[in-house]
Amino acid sequence: MSNTLTRVADHKARVAGLVGAMPVVESPVADCLGLVLAEDLVATVPLPPFDNSAMDGYAVRAADVASVPVELPVVEDIPAGRTASGPLAAGTAHRIMTGAPVPVGADAVVQVEWTDGGTAVVRVDRPVAVGQNVRRMADDVAVGTTVLRAGVPLGPAQLGLAAALGFGTLPVRRRPRVLVLSTGSELVGPGVALEPGQIYESNGVMLAAAVREAGGEAELLRFVPDDVEQFHAAIAPRLASVDLLLTSGGVSAGAYEVVKDAFTGRGVEFTKVAMQPGGPQGAGRYQGVAVATLPGNPVSAQVSFEVFIRPALRAAMGFSRVERPTAAARLSAPITSPAGRTQFRRGAYDPESGRVVTPVGGPGSHLLSALAVSDCLIEVPEDVTELAAGTEVAVRFLHGE
Ligand code: AMP
Ligand code: MG
């Protein structure tokens, strides 16, 4: 193995190139939350689709209620979802509900609060202007308007608009499918008492959640022992139907490195990246399928996911912004960092007290409880070894888009 470290940016570029753009599929609107629209969305109906009442009240001619009080016969009752049987005649009113079509001949709606609420005859107490309380057809969207551009992330408001325009499906890049597999003979699942040397498996649960949070579909194979045959047997039946195989453990410099043993010389390149945590990494293609192999220490695995895997998945989904939000912050306490490696220390950011970040826990990559109470990574550049309290640093949030 070479002693030269791979730069973070170079490994990142390798991983980014592995997972190509996901194919465009027509997906039910209700399933599109968090996906990216793949084509411009053009309205084929106007919004609103017809002139309708903005109030519960009475459709009238404004001229008929110019001098008040005035009494008008109520000749129709129009709830939402129905239309009047005929036009509004001069000197009459139609009782109308919010969202119901304003009848031909009416040019305004008097809200019920400005009347006596009569059902046979209504007394109107205040005049209205022409157009008052009427929502015009196409006021919001005209037919032919491009309402959403290709590339826009689909949130609740975008899905609501698509539904309002009558779309049942939307063209989106589908979610990348990720097979998550942990390795290690020491790993056991929940519900059993630990024998000496055993630990509860955690990376699988964590990485599958990270995949889902990124917008992907995770299939959690959970874990296999450090045995190359069992490793291959676990992935073989699932490999063809996924976009990425994501493993953890078995890639460092020791003996029994099952992932390394299974993939070395078979399309996956193993390297040591100039970062802490997360040095040992692998990436490549096995039997045509993208493979990324993360180190086993839980903090290393999760930080590696944030740095390398998440941006690659986001790019594959069509997001133009693939990185988490970042901010500049001042350190509340001094930290040290190894020379020649980018350090990603866990931190808690406080926007209220003047953008201060507090290092949480030490640099140890086994300190999972510190990660769990952090909301950002403090990024210390390769050449920096000491940072005094008060120094401005870059933080990369562990949430948000
Ligand atoms: P490895 O990269 O396989 O040498 O593992 C490094 C450290 O991470 C060891 O202490 C392992 O026990 C631990 N580890 C590896 N995989 C997992 C996992 N899936 N869940 C929890 N800890 C793990
Ligand atoms: Mg291991």
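Protein heavy-atom surface of region 310-353, 1.4 angstrom probe: 54% of the accessible area is carbon and sulfur, with nucleic acids and ligands not counted.
Residues with beta-carbon under 14 Å from that of ASN52, excluding ASN52: net charge, scoring Lys, Arg +1 and Asp, Glu -1?
-2
What the Kirkwood sum gives for region 52-135 is a hydrodynamic radius of 11.9 Å, with every pair of different alpha carbons counted. Compared with the dominant Cα axis of the chain, that is its longest principal axis, helix 8-18 is turned about 60°. Accessible area per residue for region 326-397 is 47 Å², calculated with a 1.4 Å probe on protein heavy atoms, without ligands, DNA or RNA.
Annotation for region 321-395 versus region 264-307: alpha-carbon center distance of 22 Å.
Counting heavy atoms of the protein chains alone, VAL128 has an accessible area of about 10 Å² for a 1.4 Å probe.
Our helix-only sum for the chain, with -39,500 (n - 2.57) per DSSP H run of n ≥ 4 divided by its residues, gives a mean residue ellipticity at 222 nm of -4500 deg cm²/dmol. Using θ = phi - 60° in the Karplus curve 6.51 cos²θ - 1.76 cosθ + 1.60, the 3J(HN,Hα) couplings for region 357-371 round to 10, 10, x, 10, x, x, x, x, 8, 9, 7, 5, 5, 5, 4 Hz; x is entered for Gly and Pro.
Of LEU368, LEU294, LEU313, the residue with the greatest mean-square motion in the GNM of the chain, using alpha carbon springs below 10 Å, is LEU368. In this Cβ point-charge picture (+1 for Lys and Arg, -1 for Asp and Glu), region 326-397 has a dipole of about 120 debye about its Cα centre. Between PRO103, PRO295, PRO277, the GNM of the chain built on Cα springs shorter than 10 angstrom shows PRO103 fluctuating the most. Equivalent ellipsoid of the chain: semi-axes from √(5λ) of the C-alpha gyration tensor, largest first, are 62, 25, 18 Å. Where does helix 203-213 land angle-wise versus the long Cα axis of the chain, in degrees 0 to 90, nearest 10? Here the helix axis deviates by roughly 30 degrees.
Near ARG330: Cβ cut-off under 12 Å, other residues only, Lys/Arg at +1 and Asp/Glu at -1. The net charge is -1.
The values are calculated or read from the model by the stated rules, or taken from the named source; none is laboratory data. Given the structure is predicted, the values throughout are model-derived calculations rather than measurements. Cβ sites come from the backbone with ideal geometry, for glycine too, and all protein chains shown count toward neighbours. For accessibility, only protein heavy atoms count, side chains too; no ligands or nucleic acids. Shrake-Rupley method; radii C 1.70, N 1.55, O 1.52, S 1.80 Å.
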